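Take a look at the structure set out below.
Bear in mind that the values in this text are calculations on the coordinates, not laboratory data. Please read these numbers as outputs of a predicted model, since none were measured by experiment. Every residue, glycine as well, gets a Cβ built from its backbone with ideal geometry; the counts of neighbours run over all protein chains shown.
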């Protein structure tokens, strides 16, 4: 290729993207999002320019989410109405998030943007990830106390309050919540999901917990509905980037090749597990990803001269550790899903035999 | 599900279609790159990656679904009953989860206050 934007794809790089796509797809099929935070850096490591990596990632995301959403819709887990409404406002949030990123880039450069991304990562993942993990632990305890039964889906106090607010002309019935909720609550949640997607590429880290804890949807339905949001956001994002001519369709389709294999496993896996397992996988990934940031931040602070400058070799080593932690997050997520699927299938087979 | 029918023919058909699509994509890879570069002058070319993604998602999505199914990896349920359609719009204490399934893990009531 003569173009500087579009790299040559070798067999090794193609295979690497296929594998990362597969694991990312599996996680997405299970918790509704994820994978993007590894795919973009993976492509950049292969020499793909940042803008093309982001664009190609988004271009693989919308068809993947479409396939995943259709699959999970067959299992009755998708709230299409909630997904489309949140997706619409997420689209707006994504545009706003992109503006914020551009503004920071103009003022502080690429390092400033990276630092901003890291700070958002740490704050969001620490609060939301910690909460999700704690909730998963609490549910496991309840299930254990009930002798291996299923902990009932409990609507949080916040969600009960949200459902109790009646604002005439804005109330919409959502099947996943089994209640009417004012659109005025949905708008900011969708917007925040989009803003996070534009910032850290994984809007689902806000969208799914918001649907569970703020609106009162079960985790399985929230994670499935997130796929609709991701589809809407991904389609809009792809059109925007395609208009700039920065989508590398070859890269996007290689990742899609792997991720569609993965998303099927993730989606099937949800039919064998309880809400608590979805929360566990999501919480685990969020918390491990959070730790990856601790390795990146010193380098950014050093480059912005906010701390005593570190040697380049130290920054490179820390970045490598950060990248490895991201891969670890995906590996742990993927492995947990496979284990849950195998256990769930075995238990299901046992019940059928009985 | 050992007795379930495995969709071998569908897997092969969609697999071949998917393979053909990928072969075409990489045979004309340079052309796709050129179209991407020309998008700034000819805006309508933005549709190419969008259409390609939809087409691939249909054929490759169907292939991967059938592929795992033909290997025996299936969902725990096959039918979904709509929930609370006629039951009004108020949350009820005993409303089952939308898409309640017949597998043990899925049978959990939503406890709405």
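Figures for the structure shown
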{"quantity": "Chain A: angle of helix A:130-145 to the longest principal axis, Cα-based, in degrees nearest 10", "calculated": "30 degrees"}
{"quantity": "Among A:51-58, A:254-261, A:170-177, A:323-330, the order from most to least packed when residues are scored by Cβ within 10 Å on average", "calculated": "A:254-261, A:51-58, A:170-177, A:323-330"}
{"quantity": "Between the range B:1-63 and the range A:179-250, the alpha-carbon center distance in angstrom", "calculated": "25 Å"}
{"quantity": "Fraction of alpha-carbon pairs over 29 Å apart in the range A:76-222 - percent", "calculated": "25 percent"}
{"quantity": "Cα long-axis angle, helix A:36-45 against chain A (0 to 90 degrees, to the nearest 10)", "calculated": "20 degrees"}
{"quantity": "Part-to-part distance (alpha-carbon centres) for the range A:86-157 and the range A:1-60, which is given in Å", "calculated": "22 Å"}
{"quantity": "Taking B:5, A:343, A:74 and counting other C-beta atoms within 10 Å, the order from fewest to most", "calculated": "B:5, A:343, A:74"}
{"quantity": "For the range A:142-198, convex hull of alpha carbons as volume per residue, Å³", "calculated": "119 Å³"}
{"quantity": "Inter-chain shielding of A:239-247 (mean C-beta neighbours from other protein chains, 10 Å cut-off)", "calculated": "6"}
{"quantity": "Descending principal axes extents, the range B:8-70, alpha-carbon based, whole Å", "calculated": "46, 19, 12"}
{"quantity": "Tilt relative to chain A, helix A:249-270 - C-alpha long axis, 0 to 90 degrees, to 10", "calculated": "20 degrees"}
{"quantity": "Diffusion coefficient, µm² s⁻¹, Stokes-Einstein with Kirkwood Rh over alpha-carbon pairs of the protein assembly as shown at 20 °C and 1.002 mPa s", "calculated": "95 µm²/s"}
{"quantity": "Per principal axis, descending, Cα span of the range A:242-354 in whole Å", "calculated": "67, 36, 20"}
{"quantity": "A:292, B:70 arranged by Cβ crowding within 10 Å, fewest neighbours leading", "calculated": "B:70, A:292"}
{"quantity": "Label point distance in nm, residue A:102-residue B:20, each placed 7 Å from Cα along Cα→Cβ", "calculated": "4.2 nm"}
{"quantity": "For chain A: relative contact order, % (alpha-carbon pairs under 8 angstrom, 6 or more apart)", "calculated": "33 percent"}
{"quantity": "Sorted by Cβ neighbour density within 10 Å, fewest at the top, the residues A:229, A:249, A:342", "calculated": "A:342, A:249, A:229"}
{"quantity": "Value in Å of the Kirkwood radius, where the range A:159-250 supplies the Cα pairs that are averaged", "calculated": "14.2 Å"}
{"quantity": "Helix-only [θ]222 nm of chain A, DSSP H runs n ≥ 4, -39500 (n - 2.57) each, per residue, nearest 500", "calculated": "-26500 deg cm²/dmol"}
{"quantity": "Cα Rg over Rh - the range A:13-87, Kirkwood", "calculated": "1.03"}
{"quantity": "The range A:1-126: radius of gyration over Cα atoms, expressed as a fraction of 2.2 N^0.38 Å", "calculated": "1.20"}
{"quantity": "Among A:90, A:146, A:179: highest mean-square fluctuation, GNM of chain A, C-alpha pairs under 10 Å", "calculated": "A:146"}
